[in-house]
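Working notes, beginning with the structure itself.
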Amino acid sequence: MKDIRDIYQEIAEQRAELMYCILSAEERRETQARLDAALAEAERRLREEEGA
């Protein structure tokens, strides 16, 4: 993910998948982990931009 918009797109997709898709427990854990990672990356980039 090079562009900050890519991160927000990823976050939106993961949230939608968790809300609207029928997932197994394992798939739900994996999707939640990807969402958590994307949220952390967005936060890191936001802090980086504010400090720049």
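The values are calculated or read from the model by the stated rules, or taken from the named source; none is laboratory data. Note that the structure is predicted; figures quoted are calculated from it, not measured. Because the Cβ atoms are built from the backbone with ideal geometry, glycine has one as well, and the counts that use them run over all protein chains shown. For the accessible areas, the whole protein counts, side chains as well, though only heavy atoms, and no ligand, DNA or RNA atoms are used. Shrake-Rupley method; radii C 1.70, N 1.55, O 1.52, S 1.80 Å.
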- prompt: What order do you get for 32-43, 17-28 when each peptide is scored by the mean count of other beta carbon atoms within 10 Å, highest first?
  reply: 32-43, 17-28
task: Determine the relative contact order of the chain: mean sequence separation of Cα pairs under 8 Å and six or more apart, normalised by residue count, in whole percent.
output: 47 percent
task: Using only the alpha carbon atoms of the range 4-51, find the Kirkwood hydrodynamic radius as the inverse mean reciprocal pair distance, in angstroms to one decimal.
output: 11.3 Å
- request: Using a 1.4 angstrom probe, figure out how much accessible area the range 4-51 has per residue, in square angstrom, rounded to the nearest whole.
  value: 75 Å²
query: Efficiency by 1/(1 + (r/R0)^6): what FRET value for Arg29 and Glu50, r their Cβ-Cβ distance, R0 = 22 Å, to the nearest 0.05?
result: 0.10
- prompt: Just from its helices, what would the mean residue ellipticity at 222 nm be for the chain, if runs of 4 or more DSSP H residues each count -39500 (n - 2.57) and the sum is divided by every residue, rounded to the nearest 500 deg cm²/dmol?
  reply: -29500 deg cm²/dmol
statement: Whole-percent carbon and sulfur contribution to the accessible surface of the chain (1.4 Å, no ligands, DNA or RNA) stands at 53 percent
